[in-house]
Every structure is written in structure tokens, then in C-alpha cells.
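Contents: one structure, followed by commentary.
The values are calculated or read from the model by the stated rules, or taken from the named source; none is laboratory data. Just so we're clear, the structure is a prediction, and the values are computed from it rather than from any experiment. Positions of Cβ are generated from backbone atoms using ideal geometry, with glycine treated the same way; all protein chains shown enter the neighbour counts.
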Amino acid sequence: MSDTGLRDSRFALRILLGFSAIVAFLVALLVLAAATTLPAISEWVAVTFDDGIGLQTAAIVSAVISVIVLVVFALAAGEGVIGEIQFMIPGFFLFFVFFWLMIAWVF
């Protein structure tokens, strides 16, 4: 390897290590921020979602609605229920969380 190639390789390694250190610092800062704000957020969630049918009942209703919606989507797409399982599983969890929180909040 030539002298300039070795120098470029070391320079690229220094850039990579510097960028990795910055990313690690930002992740640590994000974790620290989340740890300090979670008590306030959990209090807000408890106050906001306290009335109504409750999170436990909303989770059951949400699971049923999510399964029905995804079965309808799969059959309408013509792929069957098992067709694209790698897309159905994340879709189920996204629908589940959305319906769960919206049902608990609205009702």
C-alpha cells in the first residue's frame, strides 16, 4: 500500500471513530433525556387515559379489531391470510397500538 493510501485509510478511520463517538454521545443524551422526562410523561398518560373503558379493555378490543382489519386487507389484496407475513406482523402491531390508544382515549 502506498504512503498516500495508508494516510487516506487512517484519515477515514479517524472520521469513522469520530462520527461513532458523536453518535454514541447523542444516543446517551437521548437516553438521559428520556430517563428524566419519563416520570412526567407517565403522569400525563395516567391522567389523560384514566377515564373511560381503560387500557386493559381497550387492548382486548384493539387486538380483535386489528386481526379483523388485517384479515380483510390480506383477502382484499388477493394474497390470502398468510401471503405476506413479514408485512402483516409489523402492520398488526402498528394497528394494535394505534387502535389501543385511540379506543382508550376516545372511550
**Fill in**
Residue set Ala74, Ala63, Ala59; condition assigned to a helix (DSSP H, G or I), surrounded by 10 or more Cβ atoms within 10 Å (Cβ to Cβ), assigned by TED's automatic domain parsing to the domain that holds Met102 and touching a residue at least 40 places away in the same chain (Cβ under 8 Å); output residue Ala59
**Asked** Is it fair to say Gly5 is more than 30 Å from Phe92 (Cβ to Cβ), among the small types (Gly, Ala, Ser) and loosely packed, with under 10 Cβ neighbours inside 10 Å?
**Response** yes
**Item:** Residue in segment 1-60 that is modelled with the lowest pLDDT, counting only those that are of a type in the set (S, T, N, Q) and within 27 Å of Phe98 (Cα to Cα)
**Value:** Thr48
**Prompt:** Within the bounds of segment 38-51, is there any residue that is in a helix (DSSP H, G or I) and either of a type in the set (S, T, N, Q) or closer than 30 Å to Ile85 by Cα (or both)?
**Reply:** yes
**Fill in**
Checked segment 77-97 for anything surrounded by 13 or more Cβ atoms within 10 Å (Cβ to Cβ) and either modelled with pLDDT of 80 or more or assigned to a helix (DSSP H, G or I) (or both); matches are Phe87, Met88, Gly91, Phe92, Phe95, Phe96, Val97
**Request:** Could you please tell me which pairs satisfy a Cβ distance under 8 Å, a separation of 6+ or placement on different chains, a first residue in segment 85-106 that is closer than 13 Å to Leu55 by Cβ, and a second residue that is among the aromatic types (Phe, Trp, Tyr)?
**Result:** Leu101/Phe49; Ala104/Phe49; Trp105/Phe49
